[in-house]
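Working notes, structure below.
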Amino acid sequence: MARLPRLTLAHTPHHIIQRGNNSSEIFVDAQDRLAMLDLMREMARRFDVDVHAYVLMPNHFHLLLTPKTDQGVPQFMQALGRSYVRYFNNRHGRTGTLWEGRYRSTLLQAERWLLATMVSMDLNPVRAGLVPRALDWPWSSYAHNAGIQHDGLISPHALFWALGNTPFARDVAYVKAVEAGLDQDAQEQISHAALLGWALGEPEFIENLQHKTERRVMRQKAGRPAARTVLVRKAQE
């Protein structure tokens, strides 16, 4: 079956997942992770993309982006992927691909899913058993969004600003949201949508989105629960 073209739209949040080939590690050490973050900053400026959240896992990474043009996300991801592979191969004396095919992405209804996706991303290292708390994983945007340290890569979404009238109030509200976590159904919906490329939102959002593209934005029939569970597990490995 032919792959669906990616769904991308200006001024709409996109949840991105990029995995290493054969689930192999894409970061050997802190230097690699810092190089990736530097490249993200460069590409975000170049292609006019706002980065709201990120998490760098050993064999994959997540991003939450809002592009200001329809081509912003694919341009950002293509340039980021190529530049990082060039850096990684040169530094580690290797050749060939680093990525497991195309990156996965989905569009989100911001009002319903943006903050939940940020929480999901920050809890990814906890779900994977790498750390006991989101705070303990240094390679995510949690410290910035929790008010612990500034990260120039992050451009807060308007809904994040709406968490409180002061920086302290926003920080406290976000920390409480991460500590509360997500229920299993919400987590599965976020992972499932990103991995399969279906839009995530209420029926009205989906309907309005469908009017803007010829590409289908939602599966017509629900998949089998077992297959969905496997996909969610893959997103956390």
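The values are calculated or read from the model by the stated rules, or taken from the named source; none is laboratory data. Here the structure is a predicted model, which means the values were calculated and not measured. Cβ placement follows ideal geometry from the backbone for every residue including glycine, while neighbour counts extend to all protein chains displayed. Accessible surface areas use protein heavy atoms only, side chains included; no ligands, DNA or RNA. Shrake-Rupley method; radii C 1.70, N 1.55, O 1.52, S 1.80 Å.
Applying the condition of being under 17 Å from the mean Cα position of the chain (by Cα) and free of Cβ contacts under 8 Å to residues at least 40 places away in the same chain to the stretch 143-184 and asking which residue is most open to solvent (accessible area, probe 1.4 Å) yields 144.
Closer than 28 Å to residue 22 by Cβ, among the aromatic types (Phe, Trp, Tyr) and in contact (Cβ under 8 Å) with a residue 40 or more places away in the chain: is that true of residue 76 in this structure? Don't jump to the end; show me each part of the working.
Details: closer than 28 Å to residue 22 by Cβ: yes; among the aromatic types (Phe, Trp, Tyr): yes; in contact (Cβ under 8 Å) with a residue 40 or more places away in the chain: no.
Answer is no for this residue.
Which one is farthest from residue 10 (Cα to Cα), of the residues in the stretch 38-76 that are open to solvent by less than 10 Å² (accessible area, probe 1.4 Å) and part of a helix (DSSP H, G or I)? Looking at the filtered set, the residue picked out is 40. For the stretch 100-115, a residue qualifies if it is within 15 Å of residue 18 (Cα to Cα) and assigned to a strand (DSSP E or B), and the qualifying residues are 104, 105, 106. Reported count of residues in the stretch 109-155, each being touching a Pro at 6+ places or on another chain (Cβ under 6 Å) and either of a type in the set (Asp, Glu) or closer than 19 Å to residue 40 by Cα (or both), is 1.
Residue-wise test of (1) touching an Asp or Glu at 6+ places or on another chain (Cβ under 6 Å); (2) among the acidic types (Asp, Glu).
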site	(1), (2)
105	no, no
110	no, no
113	no, no
116	no, no
122	no, yes
126	no, no
131	no, no
134	yes, no
146	yes, no
